[in-house]
């Protein structure tokens, strides 16, 4: 007998909905008769319901991060984050169990069922209010960050708006900007540390409730990391220390010689080593979008259409302004199957890298949205970041104005050099962030704010090159971890960047010998969504998972060979 399951036509119907208005749809799915003859329609209905509610939630988050001073947007974000989404997770656990208990199995959904089985094992009712509490704390953290400003010659600027001054040829200006950018985080250190204390306690309790010794072990499972372990993460840290730290030393020694300075200070890292004016890739956001559209079209013509579709729909919020949340992200509106991009552009070369990075995520969203069920579309971050980081590298040959891009030929070479150097320089930071989190959640001292600050300094000294002189700057160095959104909003979401960067480097290496096939494989891997295990997704993209020094060294050599060509 057919079941009457009439969903709204769009996510707009749930925009102001309460959980009481959404819950009956989930209750109907929980009560509906389920067997081999009805399971496909049941999955389709569940997928569509999740798509509508998640889209309304994503739009609420987008609106709030675009303006953290908007009380109405804050209330909507809190309603979804602290009321609706935790209750959805509770309902999902029951629905997942129904499918797993049915013994349902078919190609294209096996990884979904594997994930469902894992989430069932982890779910605890007593964690629902803790997840709600964490959402409120994240909103509080975003509000603190969004309100931060500093005085620059009588003008109020946000910390990201100081980034262009770190590219100034005037060393005194760079030093001033570097120290001033850390100032609001130092002033708010007590507030931020207090918020983190509460987050840490709640997260550890989540892990304990699920039967784990700590949140680290819980979240590793919760992120469906079936194909590598915390011990593999430790191997990754050791490989970075052994391989990437010496590579960063070579890059920084060259910079020090080019700049002809006795000491290389942290405000000397992003400036042009030859004292040339900073790269200015665009004058306004409209131009930025047009040039990005032209650049990505060289990789694949369909990518131009994807950028233009988002722009026409108002799904690109790119410029920095007061009240805007920090960072950048792309998210997919699951009902209309359209991604959006949020970032804080201030007119510097890093904005190009961020835009191309988030565009890669968006292209992943477009490709995977062709799969019929929402459960099939979203792989782990390890693959999602291959999509984004590969796009930074695949577009690099096309960023000159001659190709419709952002720069003259000389400036394009500068940008590519900074990109490739940045790839290597990133790994010590990636390892620092991940190793720091492992310590916080597995050592009792992680609950002490002062101990955290000192441990951060210790971790940085382990992975960062000694070429950079940090004397007298411990406070500014400590401020760096308070600037990192992932510690607060996405714990343990960072090792994925390192794993994925190694995957992206393999895609890029392949493109240098056969660009057509490399891009075809890249798109094919994105289109698989979450229908295959992680090693198979990497294999489809022409890559493999790497945690060892030998694998890192091979790819580091490729990057350094290309850098030698640019240097010369």
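Counting only residues that are surrounded by 14 or more Cβ atoms within 10 Å (Cβ to Cβ) and either closer than 17 Å to residue 363 by Cα or touching a strand residue (DSSP E or B) at 6+ places or on another chain (Cβ under 7 Å) (or both), how many does region 277-301 have?
Number of matching residues: 16.
Hey, does region 392-401 have a residue that's over 30 Å from residue 249 (Cβ atoms), free of Cβ contacts under 8 Å to residues at least 24 places away in the same chain and surrounded by fewer than 21 Cβ atoms within 10 Å (Cβ to Cβ)?
Among the residues of region 392-401, at least one is over 30 Å from residue 249 (Cβ atoms), free of Cβ contacts under 8 Å to residues at least 24 places away in the same chain and surrounded by fewer than 21 Cβ atoms within 10 Å (Cβ to Cβ), which makes the answer yes.
Being in contact (Cβ under 8 Å) with a residue 60 or more places away in the chain, in a loop (DSSP other than H, G, I, E, B) and surrounded by 15 or more Cβ atoms within 10 Å (Cβ to Cβ) is the filter here, so list the residues in region 18-42 that pass it.
If the condition is that a residue be in contact (Cβ under 8 Å) with a residue 60 or more places away in the chain, in a loop (DSSP other than H, G, I, E, B) and surrounded by 15 or more Cβ atoms within 10 Å (Cβ to Cβ), then 34 is the only one that fits.
Being exposed (fewer than 15 other Cβ atoms within 10 Å of the Cβ) and either within 18 Å of residue 563 (Cβ to Cβ) or out of contact with any helix residue (DSSP H, G or I) (no Cβ under 8 Å at 6 or more places or on another chain) (or both) is true for just one of 245, 260. Which residue is that?
Being exposed (fewer than 15 other Cβ atoms within 10 Å of the Cβ) and either within 18 Å of residue 563 (Cβ to Cβ) or out of contact with any helix residue (DSSP H, G or I) (no Cβ under 8 Å at 6 or more places or on another chain) (or both) holds for just one of 245, 260, which is 260.
Let me confirm something: among 82, 47, 57, 51, which residue is part of a helix (DSSP H, G or I) and at pLDDT below 95?
Of the residues listed, the single one that is part of a helix (DSSP H, G or I) and at pLDDT below 95 is 82.
Any chance region 32-49 includes a residue that's under 25 Å from the mean Cα position of the chain (by Cα) and under 17 Å from residue 335 (Cα atoms)?
Taking region 32-49 as the starting set, the residues that turn out to be under 25 Å from the mean Cα position of the chain (by Cα) are 47.
Applying the additional criterion that residues be under 17 Å from residue 335 (Cα atoms) yields 47.
Yes: one or more hits.
Any idea which residue in region 64-77 is nearest to the chain's Cα centre (by Cα), counting only those that are assigned to a helix (DSSP H, G or I) and surrounded by 18 or more Cβ atoms within 10 Å (Cβ to Cβ)?
65
If I filter region 373-387 for residues that are assigned to a helix (DSSP H, G or I), in contact (Cβ under 8 Å) with a residue 40 or more places away in the chain and in contact with a strand residue (DSSP E or B) (Cβ under 8 Å, 6 or more places away or on another chain), do I get at least one hit?
Within region 373-387 (the criterion being assigned to a helix (DSSP H, G or I), in contact (Cβ under 8 Å) with a residue 40 or more places away in the chain and in contact with a strand residue (DSSP E or B) (Cβ under 8 Å, 6 or more places away or on another chain)), the answer is no, since none of the residues qualifies.
Go through region 512-559 residue by residue and tally those that are within 23 Å of the chain's Cα centre (by Cα) and more than 21 Å from residue 242 (Cβ to Cβ).
Count: 24.
If a residue must be modelled with pLDDT of 95 or more and either under 17 Å from residue 509 (Cα atoms) or part of a loop (DSSP other than H, G, I, E, B) (or both), how many such residues does region 388-416 contain?
Going through region 388-416 one residue at a time, the tally reaches 16.
Can you find a residue that is free of Cβ contacts under 8 Å to residues at least 60 places away in the same chain, part of a helix (DSSP H, G or I) and either over 28 Å from residue 452 (Cβ atoms) or touching a strand residue (DSSP E or B) at 6+ places or on another chain (Cβ under 8 Å) (or both) anywhere in region 146-159?
Among the residues of region 146-159, not one is free of Cβ contacts under 8 Å to residues at least 60 places away in the same chain, part of a helix (DSSP H, G or I) and either over 28 Å from residue 452 (Cβ atoms) or touching a strand residue (DSSP E or B) at 6+ places or on another chain (Cβ under 8 Å) (or both), which makes the answer no.
If I ask for residues that are part of a loop (DSSP other than H, G, I, E, B), more than 15 Å from the chain's Cα centre (by Cα) and within 26 Å of residue 54 (Cβ to Cβ), which ones from region 317-357 would you list?
Matches in region 317-357: 323, 324, 334, 335, 336, 337.
The values are calculated or read from the model by the stated rules, or taken from the named source; none is laboratory data. Note that the structure is a prediction, hence the values are computed from the model and not measured. Note that each Cβ is placed from the backbone with ideal geometry, even for glycine, and that neighbours are counted across all protein chains shown.
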